[in-house]
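Report on the following structure.
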Amino acid sequence: MPRPSTENQRIRDERQKHILRAAARVFARKGLMAATISDIAAAAQVSHGLTYHYFTSKEEIFKQLVTRAMHGSERLLREAHAREGTVTERLRWLLTEMIEGAKESADDLLIVQQAVISEAVPPDIRELVLHGSQIPLELLSNLLHEGQLHGEIVAGNPDQLALLCFACIQGICSNTTLSLNQYSIEPETLLHLFLNH
């Protein structure tokens, strides 16, 4: 008896996610230029042909990973805005989610960084990151500005504070990726940089 189409779709989605997870590990270590479809297939423990069945090229896989990472950041920022509580409480939640999330998906950060700095990355993918990072930055800047209006957040240009916050998070995530655990920073420590004491 044939499987229902919903079951086929579920299996297809699971296989794609599995290949994407394996590809993230490969791209994070090798970069787009050095990585091959064979590397990705081997990491996913699937055939070369099956990988091509789901994706047309390694560039398509890389682009999907970048898009996923960018959407994840925007989703977290939008959720932080929508949450109940003070700006301090929402910012604490946001920083915790971002730093803890980096431990689970540290490869995503390296892939996004590669998309910006590697000359091997196609221009449309680089543009995706540069354009996609604007919305999270604006959302964080707005949250910080709201906190300034309530006296919770330090004075200063909220756009620059947002850039500083993201730079700190990227540094913390890079340390996580490199397993520099002796230098791990708790979300509360980062939060205190922005609070109006």
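The values are calculated or read from the model by the stated rules, or taken from the named source; none is laboratory data. Because the structure is predicted, anything quoted here is derived from the model rather than measured. Every residue, glycine as well, gets a Cβ built from its backbone with ideal geometry; the counts of neighbours run over all protein chains shown.
Just to check your reading of the model, which residue among Arg29, Arg10 is more than 22 Å from Ile125 (Cα to Cα), among the basic types (Lys, Arg) and either free of Cβ contacts under 8 Å to residues at least 60 places away in the same chain or assigned to a helix (DSSP H, G or I) (or both)? Among Arg29, Arg10, only Arg10 is more than 22 Å from Ile125 (Cα to Cα), among the basic types (Lys, Arg) and either free of Cβ contacts under 8 Å to residues at least 60 places away in the same chain or assigned to a helix (DSSP H, G or I) (or both).
Only residues that are at pLDDT 95 or above and on the phi > 0 side of the Ramachandran plot were counted across the stretch 156-190, and they come to 1.
Checked against (1) more than 20 Å from the chain's Cα centre (by Cα); (2) closer than 30 Å to Ile135 by Cα, Gln9 meets all criteria but (2). If only residues of the stretch 13-42 that are touching a Ser or Thr at 6+ places or on another chain (Cβ under 8 Å) and closer than 25 Å to Cys173 by Cβ are counted, the one that is surrounded by the fewest Cβ atoms within 10 Å (Cβ to Cβ) is Met33. For the stretch 70-87, state whether one or more residues are in contact (Cβ under 8 Å) with a residue 12 or more places away in the chain, over 30 Å from Leu143 (Cα atoms) and touching a Ser or Thr at 6+ places or on another chain (Cβ under 8 Å). So far as the stretch 70-87 goes, no, none of its residues is in contact (Cβ under 8 Å) with a residue 12 or more places away in the chain, over 30 Å from Leu143 (Cα atoms) and touching a Ser or Thr at 6+ places or on another chain (Cβ under 8 Å). Scanning the stretch 122-156 for residues that are within 16 Å of the chain's Cα centre (by Cα) and within 22 Å of Arg83 (Cα to Cα) returns Ser133, Gln134, Ile135, Pro136, Leu137, Leu139, Leu140. Looking at the stretch 37-155, the helices (runs of 4 or more DSSP H) lying wholly inside it that each contain 3 or more residues that are at pLDDT 90 or above sit at 37-44, 48-54, 58-82, 87-104, 123-132, 134-149.
Of everything in the stretch 43-57 that is aliphatic (A, V, I, L, M) and under 25 Å from the mean Cα position of the chain (by Cα), the residue that is surrounded by the fewest Cβ atoms within 10 Å (Cβ to Cβ) is Ala43.
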